[in-house]
1. Within region 8-46, track down each residue that is within 18 Å of I128 (Cβ to Cβ) and open to solvent by 30 Å² or more (accessible area, probe 1.4 Å).
2. Read through the list (1) free of Cβ contacts under 8 Å to residues at least 24 places away in the same chain; (2) under 15 Å from I124 (Cα atoms), then give the number of the only condition that E80 fails.
3. Which strands (runs of 3 or more DSSP E) does region 47-157 wholly contain that include 3 or more residues that are surrounded by 20 or more Cβ atoms within 10 Å (Cβ to Cβ) and modelled with pLDDT of 95 or more?
4. Note down all Cβ pairs under 7 Å where the first residue falls in region 117-139 and is in contact (Cβ under 8 Å) with a residue 12 or more places away in the chain, the second is surrounded by fewer than 16 Cβ atoms within 10 Å (Cβ to Cβ) and aliphatic (A, V, I, L, M), and they're at least six residues apart or on different chains.
5. Name the residues in region 123-143 that are polar (S, T, N, Q) and over 19 Å from A79 (Cα atoms), would you?
Amino acid sequence: MDRVSKTNYYLDIAQTVLERSTCLRFRYGAIIVKNDSIVSTGYNGAPRGRKNCTDIGSCVCGSGSHGKDSSDACRAVHAEMNCIISATREQMLDSTMYLCGVDAVTGEIINDANSCQTCRRMIINAGISKVVIRSSPTCYVTYNVRDWVLNDDSIGY
């Protein structure tokens, strides 16, 4: 019996978390792991108490995928944001975030998913050290958050 790698194990959990997403276009799930323990989970959906896109039957997101829209164009709280607000800073220091996204209509994994600028800023401030994003059922891309700090693309050189 082949054993799934630890990274794909955590990405599988993030993919299960996204099943709670209420977006009609893109479903995302995230988990934060530190010292081989899951610290928190999050998925994209409307803020607590507000109606979800699945409830109202439409999405008001921009035209691109997660990370390509303006955060303000979407009524959802992103999976990364929900994951971060459910953990303490101490739990997040030097942790790893695992993220998976799927097209809500086709169920296909979004192979070029990435965190939006607002989520990146939150990830940096949370003290998370790595972000691992699923690009296929067994492949993924790992980002060193320190690179996001050093290569600040928000200031334009």
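1. Going through region 8-46, the residues within 18 Å of I128 (Cβ to Cβ) turn out to be 10-11, 13-14, 17, 28-44.
Passing the criteria: I13, K34, N35, D36, S37, I38, V39, T41, Y43.
2. (1)
3. Numbers: elements: 96-103, 130-134, 140-144.
In region 47-157, 96-103, 130-134 are the strands (runs of 3 or more DSSP E) which contain 3 or more residues that are surrounded by 20 or more Cβ atoms within 10 Å (Cβ to Cβ) and modelled with pLDDT of 95 or more.
4. Close Cβ pairs (under 7 Å, with a partner that is surrounded by fewer than 16 Cβ atoms within 10 Å (Cβ to Cβ) and aliphatic (A, V, I, L, M)) amount to I124/V149; G127/L93; I133/V141; S135/V141.
5. Step one: of region 123-143, the residues polar (S, T, N, Q) are 125, 129, 135-136, 138, 142.
Listed by number, the list holds a single entry, T138.
The values are calculated or read from the model by the stated rules, or taken from the named source; none is laboratory data. A quick note: this is a predicted structure, and the numbers were derived from the prediction, not measured. Neighbour counts are summed over all protein chains in view; Cβ atoms, including those assigned to glycine, are modelled from backbone coordinates with ideal geometry. For the accessible areas, the whole protein counts, side chains as well, though only heavy atoms, and no ligand, DNA or RNA atoms are used. Shrake-Rupley method; radii C 1.70, N 1.55, O 1.52, S 1.80 Å.
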